[in-house]
Amino acid sequence: MALTGAERAKNYRDRRKEKKTKYIDFKKKDCERKARKQASLNPDEKEKHFEKHRISQQRYRDKLKKEKDNNTKYSWFKLKYFVYVKIVFLLFSSSYRKQTLAKAVKKVFRALPKNRNRQEQVVRRVGQDLGLFETPKFQRTQAQIPRDVVKKVQEFYGNDSISWQAPGKRDCVTIRENGIRIKYQKRHLLYNIREVHQLFIQEHSGMKKDFNEGNSMIAGIEYSQ
């Protein structure tokens, strides 16, 4: 069967790329030819030329994006199909015939949600339950502040040189401690947190290692008074 013009042109470009030296010379001459052509254009023609080039580049980028999406979709489909076959193979007998196995896989496909992200979550969870995938183990870590440090910080907040007590009768807060409701009069800081942090370090120089300048633990301690 005879080749089309596009196929012959593609074969010609492939053969030309195989000859690297001649291909580099061709690209250099082609670049010079295009530069001369652009230099000879008037402003209107240049604008049309750049607009045409922009549209061509956009089409090329869309084509690459479409190919990438298709490849990703195909790869995801292969992985999903492999997992489904593996799940069905483990859930049911290993003596399945090809047609029976295909029917079982179709049933699994129909039972899945329509959303792709939810499909992935279901497949991952089933694979983890069956031992196909490794189940991630999350360890929650939390910085612990010693009780004596918390007590010293609260006492430091209550110092009259650091905060002043609100005079109003209603300027109070109720806090439940060990099942007992206790009222505390409100206090307002005279400085911001960073300044209070520096004053606390100056007064408690031995605890400097527990209170780094970049991550002040004072701001993380709630003052209840």
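Exactly one residue out of THR135, THR141 is of a type in the set (Val, Ile, Thr) and surrounded by fewer than 10 Cβ atoms within 10 Å (Cβ to Cβ), and it is THR141.
Within region 129-149, the set of residues being among the polar types (S, T, N, Q) and either over 26 Å from the mean Cα position of the chain (by Cα) or modelled with pLDDT of 80 or more (or both) comprises GLN144 only. Tell me, please, whether a residue that is assigned by TED's automatic domain parsing to the domain that holds PHE200 and at positive phi can be found in region 156-171. No, region 156-171 has no match at all.
For the residues ARG59, ARG54, ARG118, the requirement of being at pLDDT 80 or above, closer than 24 Å to PHE133 by Cα and in a helix (DSSP H, G or I) singles out ARG118.
The values are calculated or read from the model by the stated rules, or taken from the named source; none is laboratory data. Being a predicted model, the structure only gives us computed values, none of them experimental. Don't worry about glycine lacking a Cβ; one is built from the backbone with ideal geometry, like all the others, and counts go over all protein chains shown.
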